[in-house]
1. Within the range 196-229, track down each residue that is assigned to a helix (DSSP H, G or I), within 11 Å of the ligand (Cβ to nearest atom) and among the β-branched types (Val, Ile, Thr).
2. Go through LEU224, LEU230 for me and flag whichever is exposed (fewer than 15 other Cβ atoms within 10 Å of the Cβ), touching a residue at least 12 places away in the same chain (Cβ under 8 Å) and either under 30 Å from ASN177 (Cα atoms) or in contact with an Asp or Glu (Cβ under 8 Å, 6 or more places away or on another chain) (or both).
3. Return the residues of the range 90-122 that are among the basic types (Lys, Arg) and surrounded by 14 or more Cβ atoms within 10 Å (Cβ to Cβ); say none if nothing qualifies.
4. So which of VAL170, VAL144, VAL150 is more than 14 Å from the ligand (Cβ to nearest atom) and either closer than 17 Å to GLY18 by Cα or under 18 Å from the mean Cα position of the chain (by Cα) (or both)?
5. Quickly run through the range 46-67 and pick out the residues that are more than 17 Å from LEU87 (Cβ to Cβ) and of a type outside the set (D, E, K, R).
6. All but one of (1) under 22 Å from LEU115 (Cβ atoms); (2) at pLDDT below 95 hold for GLY54; state the number of the condition that does not hold.
7. Have a look at ILE140, ILE196 and point out the one that is surrounded by fewer than 17 Cβ atoms within 10 Å (Cβ to Cβ) and of a type in the set (Val, Ile, Thr).
8. What are the residues in the range 24-46 that are surrounded by fewer than 19 Cβ atoms within 10 Å (Cβ to Cβ) and not small (Gly, Ala, Ser), if any?
Amino acid sequence: MLLENKVAIITGGTRGIGRAIARRFAVEGCHIAFCGRSRSPQMIAVEEELEHPGVKVKGYAVDVTILPDCQQFVEKVLEEFGHLDILVNNAGITDDAAIKRMTEAQWDNVINNDLKSVFCMTKAVQPTMWKQGFGSIVNISSVVGIGGNVNQANYAAAKAGIIGFTKTAVKEFGSRNIRMNVVAPGFIATEMTGEISEQLKNYWQTRIPLRRPGTPEEVANACLYYASELGSYCTGDVMHLCGGMEDA
Ligand code: NDP
């Protein structure tokens, strides 16, 4: 198993891509601490689905836009799991509008949830990883942060910001054997993209050479590569996981 007895924090593990990452890591023997904003029925369902002998799985209600809450979350995980090896910054939202109609609240909401959250959680795990001299952090960006997308200026800015943040962090953390990599998915079939109209889905699919959306499991496989020793010489990578999508 690739992650036997490792401990991973996965933000936004209650559904979609985060849930698939938690599932994939658990199959590899990893103990999972995941979060969502509340202790929802979905959170309990993930705990029940993934917990099995030899693998501890626990959901925490944490808002990853608030630094002290992230720091408390990491402290609790260390108390309850004993150590920490991996962080996957997956939590994110969309709140779309054209720039001319986008409100300040929409801008702040997405920048906080998609970009500030990565800063908060990285800052919360950094002292532990620094002290122990290892750690692997995977950040979920998006091809929209690379090529832009109409009505998503806030989301594109946040997801591009994750890449700049990562490129800087690898320079600050590399000497302590803390790796950080980015997975930038294209169009992945989850609840988030389920809200997109059929017309828009068709338009996107004409731009994907593989002619299909990706699956959360395919994103999880990429995260496994970077989180595990398979990716031991990778840091600062940006993997475009998009079926060959144009502009990505
Ligand atoms: P979903 O909307 O299905 O899930 C989002 C997750 O993030 C939920 O578990 C939600 O938990 C959690 N979350 C959101 N905000 C917070 C917060 N402030 N604190 C804690 N948890 C939070 O999204 P996806 O699975 O589709 O996307 C996951 C990631 O992948 C996101 O970063 C997204 O931008 C990115 N991505 C997705 C693509 C796609 O096509 N789906 C493409 C490219 C990137 P809860 O609601 O329980 O609080």
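The values are calculated or read from the model by the stated rules, or taken from the named source; none is laboratory data. This structure is a prediction, so every number in the text was calculated from the model and none was measured. Here Cβ is always computed from backbone atoms with ideal geometry, including for glycine, and neighbour counts include all displayed protein chains.
1. Selection gives VAL219 alone.
2. Checking each option against the conditions leaves just LEU230.
3. LYS116
4. VAL170
5. Selection gives VAL46, LEU50, HIS52, PRO53, GLY54, VAL55, ALA61.
6. (1)
7. ILE196
8. Correct list: VAL27, GLU28, ARG37, ARG39, PRO41, GLN42, ILE44.
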